[in-house]
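Below: one structure, written as C-alpha cells.
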Ligand SMILES: O=P(O)(O)OC[C@H]1O[C@H](OP(=O)(O)OP(=O)(O)O)[C@H](O)[C@@H]1O
Ligand SMILES: O=C(O)c1cc(=O)[nH]c(=O)[nH]1
C-alpha cells in the first residue's frame, strides 16, 4: 500500500467501523459493520475514495453503475471527477413512471463498471450484474470501496466478475492495529 492508501485506510476505519451485533444483508450476523454512509457524508473523505476508485477502473469503462443506495454517491463522485456518465441501479425496477431498474442513459451494449460501497458475500452485486446483463450491458468488473469478503477468494467468480477494491478488510484491520485500537 502507498502512504496515501495507508492514511485512507486509517481514516475510513476510524470513521466507519462500528462494533456490536449487526445482521447483514446476507443474513449473516457480524460483530463489526462498516457504515459507509459515515464516509460518504464527509465530502473530503468521499472525494479521497472517489480518487482512489477512479484509478482502479478498467480503461475501457464507458458508464459507471452505482448500486442503490450506498454505491450511488460514490458513482456520482467518480462521475464528476472523470466526466464519465453514471447509472443509478435500483435493487428493484420502479413500479411506475419509467419503470426502470437503472436510471440514467441508455446502456445497451455499453461497458458498465459497477460501483459498490461494501462487498460481503457479493449477493447484491451478483443480482445487479445479472439484471444489467439481461438488459444488454457488458459487465465485467466491480470496483468497491470496502471488500470484506473472505481474503483470497473472489465471491463473484461464479458470474465471471472481477472485484477491485479501494480497501480490503485486511487493510482496515492493519490500519486499526497500527492505530493501537
Ligand atoms: O455483498 P453482500 O453480502 O450482498 O452485502 C453487501 C451489500 O449489503 C449492503 O447493502 P444494503 O442493502 O444494506 O445497502 P444500502 O444501504 O446500500 O441500500 C451493502 O451496501 C452492499 O450492497
Ligand atoms: O453485508 C452487509 O450488509 C454490510 C456490511 C457492512 O460492513 N456494511 C454494510 O453497509 N453492509
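Scan the range 72-103 for residues that are at positive phi and within 16 Å of ligand 2 (Cβ to nearest atom) and report the count.
0
Rundown of residues vs (1) in contact (Cβ under 8 Å) with a residue 60 or more places away in the chain; (2) touching a strand residue (DSSP E or B) at 6+ places or on another chain (Cβ under 6 Å), yes/no style:
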{"position": "112", "(1), (2)": "no, yes"}
{"position": "142", "(1), (2)": "no, yes"}
{"position": "153", "(1), (2)": "no, no"}
{"position": "157", "(1), (2)": "no, no"}
{"position": "179", "(1), (2)": "yes, no"}
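Within the set of pairs 6 or more residues apart or between chains, which connect a residue that is touching a residue at least 24 places away in the same chain (Cβ under 8 Å) inside the range 52-67 to a residue that is part of a strand (DSSP E or B) and surrounded by fewer than 17 Cβ atoms within 10 Å (Cβ to Cβ) with Cβ atoms less than 8 Å apart?
From the range 52-67, the pairs are 56/164; 58/111; 60/111; 61/111; 62/111; 63/111.
If I go through the range 1-22 residue by residue, how many of them are at pLDDT below 95 and crowded, with 16+ Cβ neighbours inside 10 Å?
0
Which of (1) over 20 Å from residue 11 (Cα atoms); (2) over 16 Å from the mean Cα position of the chain (by Cα); (3) part of a helix (DSSP H, G or I); (4) within 16 Å of ligand 2 (Cβ to nearest atom) does residue 158 not meet, given it meets every other one?
Among (1) over 20 Å from residue 11 (Cα atoms); (2) over 16 Å from the mean Cα position of the chain (by Cα); (3) part of a helix (DSSP H, G or I); (4) within 16 Å of ligand 2 (Cβ to nearest atom), the lone unmet condition for residue 158 is (4).
Give me the helices (runs of 4 or more DSSP H) completely within the range 1-82, filtered to those with at least 3 residues that are in contact with a strand residue (DSSP E or B) (Cβ under 8 Å, 6 or more places away or on another chain) and more than 13 Å from residue 116 (Cα to Cα), ordered by residue number. Working first, answer last.
Numbers: elements: 3-16, 36-40, 43-54, 71-82.
Helices (runs of 4 or more DSSP H) meeting the threshold: 3-16.
For the range 83-110, what are the residues that are away from ligand 1 (no atom under 16 Å from the Cβ) and either in contact (Cβ under 8 Å) with a residue 12 or more places away in the chain or touching a strand residue (DSSP E or B) at 6+ places or on another chain (Cβ under 7 Å) (or both)?
Residues satisfying the conditions are 84, 85, 104, 105, 107, 108, 109, 110.
Hey, among the residues in the range 124-143 that are in contact with a helix residue (DSSP H, G or I) (Cβ under 8 Å, 6 or more places away or on another chain) and not in a helix (DSSP H, G or I), which one's farthest from residue 13 (Cα to Cα)?
Per the criteria, the residue is 139.
Consider residue 121 carefully, then state whether it is more than 16 Å from ligand 1 (Cβ to nearest atom) and either in a loop (DSSP other than H, G, I, E, B) or modelled with pLDDT of 95 or more (or both).
Values: more than 16 Å from ligand 1 (Cβ to nearest atom): no; either in a loop (DSSP other than H, G, I, E, B) or modelled with pLDDT of 95 or more (or both): yes.
Criteria not met by residue 121.
Could you please find all residues in the range 104-137 being away from ligand 2 (no atom under 16 Å from the Cβ) and crowded, with 17+ Cβ neighbours inside 10 Å?
Listed by number, the residues that qualify are 104, 107, 110, 112, 113, 129, 131, 132, 137.
If I ask for residues that are surrounded by fewer than 12 Cβ atoms within 10 Å (Cβ to Cβ), without any contact (Cβ under 8 Å) to a residue 40 or more places away in the chain and either within 13 Å of ligand 1 (Cβ to nearest atom) or closer than 22 Å to residue 126 by Cβ (or both), which ones from the range 23-44 would you list?
23, 27, 29
The values are calculated or read from the model by the stated rules, or taken from the named source; none is laboratory data. In this text the structure is predicted, and so the values were computed from the model without any measurement. FYI the Cβ positions are ideal-geometry reconstructions off the backbone, even for glycines, and counts take in every protein chain you see.
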